[in-house]
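Below is one structure, written out as structure tokens, with a few remarks after it.
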């Protein structure tokens, strides 16, 4: 591919959470009626060109995952439903996210849109890791990064994350995975 489109196009609502390590956006190609196959291809091309090692989809369904494989981009599918027991669901996902970042992977996390689920997930991760000391500070930080208010679903996710034991209270992800012989759930 040559010309101005060779580098692809940046996904909508792309935001860095941790510069050059962790970013969020809406689903490549858009969502629902506005989803366009050509735009999805261009956005996935941009993701690959930017050096992202892995795309993490929080969408409950498996939309787009085969498209990442076709572009040789690793992916993880961590479905987060609109209404679920976030306390039970978040800890293994945060642990895996922490492990991927510790390995030096450059990650892009998305859902259909840049809504409460993805923003709450990221704010919750910041609180859980201790990068941000309180729920309210995590909410404010993510609201500033995304330029959007965090609603009740996002705040419930952050509260559930804050109630989890911190990662320092248990063995590191590397120690947890030694000798387990299992692959992370949702990898291709």
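Which of the residues that make up region 111-150 are assigned to a loop (DSSP other than H, G, I, E, B), modelled with pLDDT under 95 and in contact with a helix residue (DSSP H, G or I) (Cβ under 7 Å, 6 or more places away or on another chain)?
114
Which residue, of 99, 93, 108, is modelled with pLDDT of 95 or more, assigned to a helix (DSSP H, G or I) and either crowded, with 19+ Cβ neighbours inside 10 Å or in contact with a strand residue (DSSP E or B) (Cβ under 9 Å, 6 or more places away or on another chain) (or both)?
The match here is 93.
In region 130-144, which residue that is touching a residue at least 12 places away in the same chain (Cβ under 8 Å) and surrounded by 17 or more Cβ atoms within 10 Å (Cβ to Cβ) is farthest from residue 27 (Cα to Cα)?
135
Answer yes if at least one residue in region 32-51 is closer than 25 Å to residue 139 by Cβ and modelled with pLDDT under 90, and no otherwise. Quick ask: steps written out before the conclusion?
We begin by selecting, within region 32-51, every residue closer than 25 Å to residue 139 by Cβ; these are none.
No, there is no match, as no residue in region 32-51 is closer than 25 Å to residue 139 by Cβ and modelled with pLDDT under 90.
Is it true that residue 80 is in a strand (DSSP E or B) and either surrounded by 17 or more Cβ atoms within 10 Å (Cβ to Cβ) or at pLDDT 95 or above (or both)?
Spelling it out, it is not the case that residue 80 is in a strand (DSSP E or B) and either surrounded by 17 or more Cβ atoms within 10 Å (Cβ to Cβ) or at pLDDT 95 or above (or both).
Considering only residues that are outside any loop (DSSP other than H, G, I, E, B) and more than 21 Å from residue 79 (Cβ to Cβ), look in region 151-172 and name the one that is modelled with the highest pLDDT. Reasoning before the result, please.
To start, the set of residues in region 151-172 that are outside any loop (DSSP other than H, G, I, E, B) comprises 152-162, 167-169.
Subsequent filtering for residues that are more than 21 Å from residue 79 (Cβ to Cβ) retains 162, 167-169.
Working: 162: 96, 167: 90, 168: 74, 169: 60.
Among residues in region 151-172 that are outside any loop (DSSP other than H, G, I, E, B) and more than 21 Å from residue 79 (Cβ to Cβ), the one modelled with the highest pLDDT is 162.
Based on this model, can you work out whether residue 67 counts as in a loop (DSSP other than H, G, I, E, B), touching a helix residue (DSSP H, G or I) at 6+ places or on another chain (Cβ under 8 Å), closer than 29 Å to residue 104 by Cβ and at pLDDT 90 or above?
Answer is no for this residue.
The values are calculated or read from the model by the stated rules, or taken from the named source; none is laboratory data. As the structure is a prediction and not an experimental result, all values here were calculated from the model. Neighbour counts run over all protein chains shown; Cβ positions are idealised from the backbone, glycine included.
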